[in-house]
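The values are calculated or read from the model by the stated rules, or taken from the named source; none is laboratory data. As the structure is a computational prediction, the values presented were derived from the model and not from experiment. Cβ placement follows ideal geometry from the backbone for every residue including glycine, while neighbour counts extend to all protein chains displayed.
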Amino acid sequence: MNIKSPSAMGVAVLLSFSLAFPGVTGAADPQGAGQRAGEVSRVIPAVSIGRSGKTIPASAKTQVDWQDAVNTLANARARVTLDDGSVLNVGSDSSMQVVKHDAAAQQTELELTYGKLRTQAQKISRPDGKFEVRTPAGVAGVVGTDFYVGYDNNVMNVVVFEGFVKVCNLAGACVIVKAGQMTNLRTNDSSTPPAPAQASLSMLTDATSNTNNGGNLSLVASTAPSVAKSTVIILGIIAAIPAIVVPVVVSHGRGKQAPTPPSCVTSSSNCG
């Protein structure tokens, strides 16, 4: 009679258990991983997508899923159109992760690890809806507006082009930034964020040119009191340059920028 050793029997029992309950012994996938969030609508190479430990070259119409990271190298940029119509313009030398985008529930969480991101978010109508851009320094929460977030050297800069943005540090201290204004946060700084100040011409220019992908971005809000009409003309010329001198890969019928959504005041619940 053959007698199996205790160790062999233990391995057999463990194998049977893992086959019957495959999700118990394996590591849990990140929430929503593999669920569609939108797609790349425009790229200036080289752009890649980080997905489940793999690197995928990105081109027009490449699908973007929850937990995907959109990465751009020097002189590269990408535009991502989310399924709710929101538009993300990722600047060069940037890494932006779509942590979550539930269009039906109006729940969107983005993570800017480093670099530059301009967001044109659709208006949120659900009372529990939120649209947040997080960095290691803080979070910008909106309900539908046009704004820029940059994160570099442990500093988060926020510039608002239209509407209102609630900017909070990780300690929960917040300020409301209006169209034409800017503020900044520093990593590991729990003090109240600086009071919003009027964005300078150079900051408006940089925020526009560094994230422009050849589309028709609205440049400044008409409510910005100290921005002259001549400034709008200058920024418009700057915004048109990348579309002329930089080769761009565009999907058929998707090269036109989605219209800027209407502005609205942020809800106090949008800063989580």
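Scan the stretch 114-134 for residues that are within 10 Å of the chain's Cα centre (by Cα) and over 15 Å from VAL165 (Cα atoms) and jot them down.
LYS116
If I filter the stretch 50-59 for residues that are assigned to a strand (DSSP E or B) and in contact (Cβ under 8 Å) with a residue 60 or more places away in the chain, do I get at least one hit?
The first filter runs over the stretch 50-59 and keeps only residues assigned to a strand (DSSP E or B), leaving 50-51, 54-57.
Filter once more, keeping what is in contact (Cβ under 8 Å) with a residue 60 or more places away in the chain: none.
No.
Of all residues in the stretch 112-154, count the ones that are of a type in the set (Gly, Ala, Ser), closer than 18 Å to ASN213 by Cα and at pLDDT 95 or above.
2
Any idea how many residues of the stretch 55-99 are of a type in the set (Gly, Ala, Ser) and more than 13 Å from the chain's Cα centre (by Cα)?
Counting residues in the stretch 55-99 that are of a type in the set (Gly, Ala, Ser) and more than 13 Å from the chain's Cα centre (by Cα) gives 7.
Kindly establish whether LEU117 is surrounded by 24 or more Cβ atoms within 10 Å (Cβ to Cβ) and closer than 21 Å to LEU204 by Cα.
Answer is yes for this residue.
Scan the stretch 120-134 residue by residue and report those that are surrounded by fewer than 24 Cβ atoms within 10 Å (Cβ to Cβ) and closer than 25 Å to ARG186 by Cβ.
LYS130, GLU132, ARG134
Has the stretch 199-221 got at least one residue that is surrounded by 20 or more Cβ atoms within 10 Å (Cβ to Cβ), at positive phi and at pLDDT below 90?
yes
Can you name every residue in the stretch 60-80 that is over 14 Å from SER95 (Cβ atoms), out of contact with any Lys or Arg (no Cβ under 9 Å at 6 or more places or on another chain) and at pLDDT below 95? Before you say what the answer is, go through the steps one by one.
So the first thing to find is which residues in the stretch 60-80 are over 14 Å from SER95 (Cβ atoms), and the list is 60-63, 65-66, 75, 79.
Those still in the list that are out of contact with any Lys or Arg (no Cβ under 9 Å at 6 or more places or on another chain) too: 62, 75.
Within the stretch 60-80, ASN75 is the sole residue that qualifies.
Name the strands (runs of 3 or more DSSP E) wholly within the stretch 62-112 that hold at least 1 residues that are of a type outside the set (Asp, Glu), crowded, with 22+ Cβ neighbours inside 10 Å and touching a residue at least 40 places away in the same chain (Cβ under 8 Å)?
68-72, 77-82, 87-90, 94-102
Considering only the stretch 182-207, state which residues are under 15 Å from MET156 (Cβ atoms), assigned to a strand (DSSP E or B) and among the polar types (S, T, N, Q).
THR183, ASN184, listed by residue number.
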